[in-house]
Amino acid sequence: MIVTTTPTIEGRQIKDYLGIATGEVIVGANMFRDIFASITDLVGGRSGAYEQVLERARREAITEMVEKARALGGDAIVGCDLDYEVLGKAGSMLMISITGTAVKLG
């Protein structure tokens, strides 16, 4: 499935707009605390372990969105927007959300 942040897909015609598809993943602070407790790869202020957790959560959110778009009969998702939000008491959770428009290509 084509997933893009652009409103169109070059060289392809959008036949029908099927609706909004979303994906959300919430990661709790305990996971981050465990990662930080065992981090040994901090170099230049970056943490490979922390970045891996964010990458996995981002992939999961995108996968969820794609599944919802398929359920709507979509061939592609256009206009995707990826957001990060801190939630919970004292910012104890991180939510990664993505939205886009499921479309049928001609």
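Quick note: the coordinates plus some simple rules give every number you see, no bench work behind them. Quick caveat: nothing in here was measured; it's all calculated off a predicted structure. A quick note on method: Cβ atoms are made from the backbone with ideal geometry, for glycine too, and the neighbour counts reach across all protein chains shown.
Key figures for this structure:
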quantity	calculated
Near-label residues of the stretch 71-98 by backbone N, under 20 Å of a point 7 Å along Cα→Cβ of Y17	71-82, 98
3J(HN,Hα) from dihedral phi, the stretch 13-24, Karplus parametrisation 6.51/-1.76/1.60, rounded to Hz, x for glycine, proline	9, 7, 8, 8, 9, 9, x, 7, 10, 10, x, 9
Placed amide H near D16: partners under 5 Å, 5+ positions off or other chain	K104
Hz values of 3J(HN,Hα) by residue in the stretch 52-59 - Karplus curve (6.51, -1.76, 1.60), Gly and Pro given as x	5, 5, 5, 4, 4, 5, 4, 4
Using θ = phi - 60° and Karplus 6.51 cos²θ - 1.76 cosθ + 1.60, couplings along the stretch 99-105 (whole Hz; Gly, Pro as x)	10, x, 9, 6, 10, 9, 8
